[in-house]
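Notes follow once the structure below has been shown.
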Amino acid sequence: MGKSAKLVPVVLALGLLILISMYSLAQKKYTIALIPGLTTDGFYITMRKGAEEAAKQLGVDLIFQGGPEFSPTTQIPVLNAIIARKPDVILIAPTDKQQLIAPLKRAADAGIKIITVDTFIGESGNYQTGSGNADFPLSYVASDNVEGGRIAARALAKAIGEKGKVYVSNVKPGISTTDQREQGFKEEMKKYPGITVLETQYNDDDANKAASQLAAVLARNPDLAGVFGANLFSAQGAANGVKNVGKRGMIKVAAFDCPESIINDIRGGTIDMAICQHPAEMGKVAVQYAVDALNGKKIPTRYGTGYTVIDKSNIDTPEAKAAIYSSK
Ligand code: T6T
């Protein structure tokens with residue numbers, strides 16, 4: 001047998017090997033991890049549903065894992081555990097603008113693509129700019145939270161006849177979303193000379209604390225006219241606080257977020273209006289972007305989801321019903 005004839009089986013075997021590895025590469029199922037702000041919040045439960053739907057359609061595996069509280073102390077260990085599992089992409093709602101930068105940078109350095117959903121890291125949420133220490137995520141998929149705060153301010157101003165004292169019930173400083181909502185709210189309120197915005201009350205995402213704070217602010221300001229609850233638990237707590245002090249309908253509440261309980265609160269007159277985000281869309285788009293990025297496509301650095309504003313006038317419409325979050 002000639003030399004070249006002897007080489008034929010080797011070449012064939014090599015070709016087969018290449019084919020097999022190409023096939024297994026093509027078959028590799030991507031794994032995408034979604035880390036919410038916390039797991040027991042209807043907002044993130046609804047986001048998960050959207051993400052799962054997209055993952056199913058696109059044939060990727062989705063891991064959903066988060067902490068029990070909206071806090072970097074519980075979120076960072078979850079993030080580290082996820083990094084150890086080496087997913088292809090991490091979708092995350094960072095619970096602090098600064099404290100999540102370094103842990104997420106470690107993930108990015110390990111070759112995991114990062115997309116933030118709902119909240120951002122750094123100062124602006126403008127990623128891939130080539131400047132600063134927090135521009136490495138590929139995209140930010142979320143509501144326009146400054147605009148959300150402005151919407152709340154306009155609605156509350158109208159509800160209180162453009163005069164009186166109001167305050168913001170908020171989670172804690174350092175969270176991009178709720179900071180921006182408060183910023184938008186305060187900026188917009190400057191347009192109403194008859195309205196005084198009192199000091200913000202921070203409740204640590206605890207609705208009970210938000211309810212007692214309502215009573216305390218009212219004790220100091222018996223002429224309190226309204227409250228802006230800057231997220232689900234802040235709004236729920238403020239609304240319960242208003243009920244507890246027997247001021248339903250007298251102290252007006254503008255709520256951010258739309259848990260199931262919002263329907264009765266609006267019908268019963270405790271909450272005047274609610275700004276629903278579109279968390280399922282956030283989940284869907286983020287998974288789609290993750291897959292696009294893995295397939296080498298350039299993805300937009302920002303995707304803005306919209307709002308559905310609900311009040312007594314549209315509470316029974318299909319559009320309003322579809323905007324309510326699901327807690328299960
Ligand atoms: O308002 C949402 C989310 O957008 C925010 O970042 C944190 O709070 C919520 O999850 C509602 O509880």
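Worth pointing out:
- Ratio of Rg to Rh over the chain (Cα coordinates, Kirkwood Rh, two decimals): 1.13
- Using a cut-off of 25 Å between Cα atoms, the listed pairs Lys29/Lys297; Lys158/Lys243; Lys29/Lys328; Lys209/Lys252; Lys29/Lys321 include Lys29/Lys328; Lys29/Lys321 as exceeding that distance.
- Solvent-accessible area per residue, Å², over region 215-316 with all protein chains present [probe radius 1.4 Å]: 38
- Region 92-176 - charge dipole about Cα centre, Lys and Arg +1 at Cβ, Asp and Glu -1, debye rounded to 20: 320
- FRET E, pair Glu187, Lys28, Förster distance 41 Å, beta-carbon r, rounded to 0.05: 0.30
- GNM flexibility winner over the chain from Thr177, Thr317, Thr31 (Cα, springs under 10 Å): Thr317
- With eigenvalues of the C-alpha gyration tensor scaled by 5 and rooted, region 58-181, Å: 32, 15, 14
- Folded to 0 to 90 degrees: helix 42-58 orientation relative to the chain principal axis, Cα: 30
- Of Gly249, Gly111, Gly132, the one that fluctuates the most in a GNM where the chain has Cα springs shorter than 10 Å: Gly132
- Full-stretch length increase - Glu319, Leu12 - with 0.36 nm per residue and alpha-carbon distance subtracted: 104.4 nm
- The angle between the Cα long axis of helix 279-294 and the main principal axis of the chain comes to about 20°, on a 0 to 90 degree scale.
- Cross-link partners of Lys165 among aspartates and glutamates (Cα-Cα below 14 Å; sequence separation of 8 or more within a chain): Glu199, Asp223
- For the peptides 292-300, 61-69, 231-239, the ranking by packing is 231-239, 61-69, 292-300, with the highest mean count of neighbouring Cβ atoms within 10 Å listed first.
- By accessible area with a 1.4 Å probe, ligands and nucleic acids excluded, highest first: order of Tyr303, Tyr192, Tyr44: Tyr303, Tyr192, Tyr44
- Of the residues Ala153, Ala84, Ala225, the one that moves most in a GNM of the chain with alpha-carbon contacts below 10 Å is Ala84.
- In the chain, helices alone account for a calculated mean residue ellipticity at 222 nm of -14500 deg cm²/dmol, with every DSSP H run of four or more residues adding -39,500 (n - 2.57).
- Kirkwood hydrodynamic radius (C-alpha pairs) into Stokes-Einstein, region 175-223, 4 °C and 1.567 mPa s, D in µm²/s: 105
- The angle between the Cα long axis of helix 207-220 and the longest principal axis of the Cα atoms of the chain comes to about 30 degrees, rounded to the nearest 10.
- When DSSP beta bridges are restricted to pairs lying wholly in region 173-328, around 35% turn out antiparallel.
- Within the chain, antiparallel bridges make up roughly 10 percent of the DSSP beta bridges whose residues both belong there.
The values are calculated or read from the model by the stated rules, or taken from the named source; none is laboratory data. The shown structure was predicted, so the numbers you read here are calculated from the model rather than taken from an experiment. Note that we place each Cβ from the backbone using ideal geometry, even for glycine, and neighbour counts take in every protein chain shown. Accessible surface areas use protein heavy atoms only, side chains included; no ligands, DNA or RNA. Shrake-Rupley method; radii C 1.70, N 1.55, O 1.52, S 1.80 Å.
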